[in-house]
Amino acid sequence: MIKIIFSFLLFFTCIVHAESQSRIFILHSYSQEYGWTKYQHESFVSTLEDTYGSPLEFSVEYLDTKRHPFTESYQKEFVSYLQKKFEGYYPDAIYVTDDNALQFFIAHRSELFSNVPIFFSGINNLSLVHTLDKKSYTGVYESKNVVKNIELIRQFSPQTRDIWFVGDDSSTYKAIESDIRNQITQYPNYRFHFLSSPRIDDIVAKLPTAPKSFVLLTTIGGLCDATGRNITLKESISTLEHNPNLILCSMEDTYVMDKVVGGFVTSGKQQGKSAAELVKRYLEGEAVERIDPVIKSPNIYVFDRKALMKARLILSEYIAHDAVILHEKRTFFEQHQQAILNGIFILFGVLLLFIVISFFIMLQKNSHIKTIGSELKECSDKLSQVKEKLALLERPDE
């Protein structure tokens with residue numbers, strides 16, 4: 001009987017737990033190993049899990065459009081795949097990263113999860129701010145701030161007048177290039193060069209050969225080698241590094257590796273975190289149309305200390321103060337800060353305990369001394385009385 005009751009309670013608990021779970025369907029434009037995607041995904045999931053009070057269930061899929069062309073036929077095949085895999089599945093919210101995944105749902109939402117609100121991050125197409133249905137879509141936009149990077153290069157090298165932009169000629173790159181061209185009109189004294197191609201050897205052949213040539217990486221995740229094989233970011237950057245005249249700067253945090261100096265970059269972690277905060281508001285009951293999109297891209301300064309030293313570049317204190325510095329040389333205290341603070345805390349606790357114990361011992365001693373003093377006084381009084389009686393006995397009779 002007890003077993004039956006226990007089984008019933010367990011079954012009931014599971015049902016309640018399942019019903020209280022919020023389901024989030026996630027679709028990424030690129031692969032799970034692509035750094036930009038990984039940063040957004042991990043930050044999104046961890047932020048929601050840390051801040052939302054109820055259980056969450058995540059289902060994740062990847063379009064992988066850095067490797068596979070984002071064609072109409074491919075989209076139809078992917079829709080068919082999702083329909084079969086997620087038959088009977090109905091999420092509470094949808095999260096997509098980057099432009100292709102959002103475009104996929106704009107075109108095929110009614111075939112998959114109609115009426116489910118869509119949240120996004122990493123979107124370069126800012127024109128969508130005016131066209132997306134606010135009752136169904138909101139999220140975080142991404143824009144490369146070329147002005148701050150030009151100012152950074154001007155600080156590094158005031159005499160520089162040529163700046164090169166490199167990209168993979170994808171639809172994302174084209175959106176970024178359009179945005180950059182709108183921003184650089186305020187620099188008439190500079191010469192800007194745009195190099196884009198899906199093949200890295202085409203780009204390498206056109207790169208400058210003058211010493212200390214500054215190159216800004218825009219988006220290079222879609223680059224291929226001479227055989228058409230999609231190459232990794234590490235391979236792409238390693239190939240570009242073969243030109244010793246280049247100073248590679250980045251407009252995306254994922255590319256700050258090896259000999260890439262860094263810059264004012266779009267942050268995958270901040271994109272995912274900001275999107276999670278919007279989803280949390282919706283899950284807590286706020287209507288989608290009341291959740292405004294984040295139009296100002298949450299960008300940050302990120303630099304690699306080793307690359308800065310190799311290029312002999314010096315950061316201003318103003319920029320370095322709020323920047324993320326990779327491979328930073330830290331003092332002994334900074335390296336062991338937590339252990340030192342823990343040691344100080346323990347020492348302080350032991351000292352405090354010693355003071356408390358000493359205080360109680362002193363109280364006990366004082367109490368004991370008072371008791372002895374009282375007893376001595378009582379004995380002294382009795383002795384005085386005895387002396388008085390003896391004195392009376394010793395007096396001669398009158």
Pairs where the first residue, in the stretch 128-145, is part of a loop (DSSP other than H, G, I, E, B) and the second is surrounded by 19 or more Cβ atoms within 10 Å (Cβ to Cβ) and among the small types (G, A, S), C-beta under 6 Å, 6+ apart:
E142/G122; E142/S297; S143/S297
Exactly one of these conditions fails for K329: (1) at pLDDT below 95; (2) within 23 Å of the chain's Cα centre (by Cα); (3) assigned to a helix (DSSP H, G or I). Give me its number.
(3)
Out of the residues in the stretch 1-58 that are acidic (D, E) and open to solvent by 90 Å² or more (accessible area, probe 1.4 Å), which is modelled with the lowest pLDDT?
E19
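Just checking: which of the strands (runs of 3 or more DSSP E) contained wholly in the stretch 169-256 hold 1 or more residues that are in contact (Cβ under 8 Å) with a residue 60 or more places away in the chain and surrounded by 17 or more Cβ atoms within 10 Å (Cβ to Cβ)?
213-217, 246-250
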Considering every residue within the stretch 112-124, establish whether at least one is surrounded by 23 or more Cβ atoms within 10 Å (Cβ to Cβ), on the phi > 0 side of the Ramachandran plot, assigned to a strand (DSSP E or B) and among the small types (G, A, S).
yes
Within the stretch 146-168, which residues are closer than 27 Å to R67 by Cα and out of contact with any Gly (no Cβ under 8 Å at 6 or more places or on another chain)?
W164, F165, V166, G167
Anything in the stretch 146-168 that is surrounded by 20 or more Cβ atoms within 10 Å (Cβ to Cβ), over 17 Å from S316 (Cβ atoms) and either modelled with pLDDT under 95 or not aromatic (F, W, Y) (or both)? List them, or say none.
V146, I163, V166, G167, D168
Which of the residues spanning the stretch 59-91 are over 23 Å from N230 (Cβ atoms), hydroxyl-bearing (S, T, Y) and open to solvent by 60 Å² or more (accessible area, probe 1.4 Å)?
Y90
Complete set of residues in the stretch 58-106 that are over 25 Å from G268 (Cβ atoms) and of a type in the set (G, A, S)
S73, S80, G88
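Outside any loop (DSSP other than H, G, I, E, B) and farther than 19 Å from R23 by Cβ: does that describe Q83?
Numbers: outside any loop (DSSP other than H, G, I, E, B): yes; farther than 19 Å from R23 by Cβ: no.
It is false that Q83 is outside any loop (DSSP other than H, G, I, E, B) and farther than 19 Å from R23 by Cβ.
The values are calculated or read from the model by the stated rules, or taken from the named source; none is laboratory data. Since the structure is predicted, the reported quantities are computational estimates derived from the model, not experimental observations. Cβ coordinates were reconstructed from backbone atoms using ideal geometry, including for glycine residues, and neighbour counts include every protein chain displayed. Just so you know, the surface numbers come from the protein's heavy atoms only, side chains and all, with ligands and any DNA or RNA stripped out. Shrake-Rupley method; radii C 1.70, N 1.55, O 1.52, S 1.80 Å.
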